[in-house]
Every structure is written in C-alpha cells, then in structure tokens.
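Please treat every number below as a calculation from the coordinates, not as lab data. Since the model is a prediction, treat every value here as computed from it, not as a measurement. Cβ placement follows ideal geometry from the backbone for every residue including glycine, while neighbour counts extend to all protein chains displayed.
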Amino acid sequence: RKLVILDTDPGIDDAMALLYLSASPGVRLDSITTVFGNGDIDTTSRNAAYLVERFALGLRVYPGAAGPLAGERHIPALKVHGEDGLGGHGLADGFPPPPPTVPAWEHIARTILANPGKVSLLAIGPLTNLALALRHRPEIASLTREVVIMGGAFGTQGRRGNIRPHAEANFYYDPLAAKEVLAAGWPVTVVGLDVSTDCILSSAQAKALAAIGGDAGALLWQISRGYAEIYRQFDGIDGFCIHDVAAAACLVSPHLFSLCGAALDVATGGDDAGRSFVADDDRRHQQHYCDGVAAGQLVTDFIAAIERLAAPQPSS
Ligand code: BDR
Ligand code: CA
C-alpha cells in the first residue's frame with residue numbers, strides 16, 4: 001500500500017478526493033497537511049479537521065502556509081467553493097481548529113526522512129508547503145517515492161486556465177512554489193486541467209450518490225450545489241469537474257492515465273504569472289504530465305469508492 005500525505009485546501013473537490021482516498025485499499029493515508037487556497041488557512045484547516053472527525057478517518061491535520069512564498073494572497077471575486085470552502089453551509093463553523101503542532105512543511109520533511117523512498121505526496125492545493133519543505137530540507141527530493149500534483153495545464157487541448165484564461169488556480173495562487181516544486185529532482189506527475197476537465201460527475205450521478213452513498217454521498221451532494229451551478233452557468237455542464245479526485249486517481253490507478261515526459265515550468269512574473277508550460281530546454285530535469293485519461297472509468301471508480309464508504313463494515 002502506498003503511504004500518502006495529502007496536501008490540500010478543502011475545498012469541495014478536495015473533500016471528495018479525501019473520501020475517495022480513504023476508501024481506496026491501495027492507499028494508507030498517513031496524514032493531512034493544509035494550505036491556503038480555496039479559503040484562508042484557518043478555514044481550510046478547520047474544514048480538514050471537520051471531515052476527519054465526521055468520517056472517523058483518524059488522521060492528524062498539520063496546518064501549513066497562510067499565503068504564497070512571495071507577494072500577497074490572491075482572493076478571487078467568485079468564491080467557487082463558497083464562503084467557507086465547503087459550499088457555504090457553515091458545516092465546520094465553530095468546529096475546533098486542529099491542535100497546535102509542527103508546521104506542514106516540517107511534518108512533510110520529517111515523514112519523508114523517516115521513511116526514505118516510501119512516501120507519496122499528493123498535492124491538490126497551492127504548492128507552498130512542498131516548496132517550503134524543499135527549501136528547508138532539499139535532500140527530501142531524492143528520498144520521496146513520488147509527487148502527484150493537481151495543477152496547471154500543459155497539453156495542446158486549449159485548456160489553459162480556470163481562475164484566469166492563462167492559469168489554473170493552484171499554480172496561480174503560488175506560481176513560485178509551483179516552479180520550485182516542478183524543478184526539484186523528485187519524480188513528479190502533474191494532473192492538469194488537460195485531463196481533470198474530462199472527469200465530470202454528472203448531476204444524475206451525484207443525485208444517485210446522495211440517495212445511496214450514505215453520509216459521504218449526502219455530504220457530496222450538499223456541498224456541491226453552488227459548485228454545480230457555476231459549471232452550469234459558465235461551462236454549460238450538467239454536473240461538475242472533480243479535479244482533485246482525478247489527481248488522487250492518478251496515484252491510486254495510474255493505468256487510467258497516459259503520460260508525457262517533459263521539462264515542466266511555470267511563469268512567475270507579471271500578467272503571465274501562473275501560466276504553466278513545457279520548457280524547450282531539454283537539459284532540465286524531466287517530469288511528467290497527463291495527456292489522456294479514461295475519464296468514464298475514473299468516475300465509475302470514484303462512485304464505487306463512495307458507495308464502499310456507505311456499505312456496512314464487516315465485523316472483525
Ligand atoms: C483546483 O483549484 C481548486 O479550486 C480545486 O480544489 C482544485 O484543486 C482546480 O483548478
Ligand atoms: Ca484543491
């Protein structure tokens with residue numbers, strides 16, 4: 001089983017990725033590290049702690065970066081994930097924040113150093129915590145099993161951005177961190193908008209999960225109403241993209257993806273900040289981005305995972 005640290009900014013699709021991972025037998029979730037992104041750091045950390053408690057996941061939450069490596073935190077005008085990051089229902093209001101602990105970057109570095117070659121990092125928010133871990137302990141790059149990232153868009157399908165025409169949200173929120181993480185010598189696979197945009201949970205599928213998916217299905221339906229409405233208005237989709245679930249699936253079931261090896265980079269300056277691109281300098285360290293996905297199978301697997309959570313557990 002893969003030993004996984006989930007670095008996340010819950011986040012509607014982040015919550016879905018967490019539930020999916022927790023129901024994936026090939027994964028042993030070690031812990032959750034949080035980062036600003038879909039909300040401020042207190043909000044995303046509290047949301048993570050709330051999800052852990054509600055679904056009895058038994059995971060520790062390590063709060064991390066409150067803003068990017070450089071510059072101010074960007075706060076979008078349209079809050080796609082709602083005011084509270086989980087669809088605007090105030091689900092985690094008043095919920096205690098995670099207890100004080102070491103910062104996320106330090107937990108990431110310590111865990112990798114204590115388990116050389118064993119740890120998979122799944123990063124589904126801005127990459128600030130990973131970049132800080134690398135800055136403090138660069139030796140972790142050669143000791144990490146893999147890094148799977150939801151971010152950017154590298155392919156040729158014309159899918160460049162969501163938060164900006166040229167930029168995907170996770171890379172846009174901290175372009176410098178994304179650049180540093182992609183340049184490090186660890187094995188990186190990026191699941192960008194190229195493929196995550198194909199991974200759509202339809203309204204009918206979400207509704208079915210609400211009916212038969214137990215508490216996880218009910219949560220999924222509740223938190224995704226405003227999110228689905230935004231996809232309906234802006235993209236004409238009857239459903240919504242499960243970007244972060246796509247990245248989680250790349251870690252759990254890599255055979256569902258086709259990969260392209262390339263030198264990956266992110267622009268950090270001016271109007272271009274957050275734009276991801278394939279660099280032509282072939283001397284640079286090569287990483288991989290996904291350029292194809294068996295989206296139907298991925299969505300079927302996600303639904304099955306949520307249904308497993310609802311199934312009565314065999315008594316031991
Ligand atoms: C990514 O940005 C966030 O809004 C989502 O949770 C996902 O990680 C998609 O661009
Ligand atoms: Ca996210």
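For this structure, a couple of remarks:
- Three-way shape call for the stretch 1-134 based on the alpha-carbon gyration tensor, with the a/c threshold at 1.5: oblate
- Inter-part distance where the stretch 219-262 and the stretch 80-108 are each reduced to a Cα centre, Å: 21 Å
- Note: the chain, Cα convex hull, 129 Å³ per residue.
- Summarising the label geometry, the points placed 7 Å from Cα in the beta-carbon direction at Lys79 and Ser253 lie 3.4 nm from one another.
- Summary of packing: across the peptides 170-183, 204-217, the per-residue average of other C-beta atoms within 10 Å ranks them, highest first, as 170-183, 204-217.
- Protection-proxy order for peptides 246-259, 75-88, 287-300, each taking the mean of Cβ atoms within 10 Å per residue, highest first: 246-259, 287-300, 75-88
- Furthest towards positive pole of dipole, Pro138, Gly71, Pro126, structure part the stretch 68-144, Cβ charges: Pro138
- For the stretch 51-125: rounded, prolate or oblate by the Cα gyration tensor [a/c cutoff 1.5]: oblate
- In a fully extended conformation the segment linking Asp93 and Ala279 would gain 62.6 nm over its present Cα-Cα distance, using 0.36 nm per residue.
- Unit charges on C-beta of K, R, D, E only; dipole of the stretch 189-259, Debye: 160 debye
- The dipole here belongs to the stretch 172-225: it is taken about the Cα centre, uses +1 on the Cβ of Lys and Arg and -1 on the Cβ of Asp and Glu, and is about 200 debye.
- Shape call, the stretch 225-276: gyration tensor on alpha carbons, a/c limit 1.5: oblate
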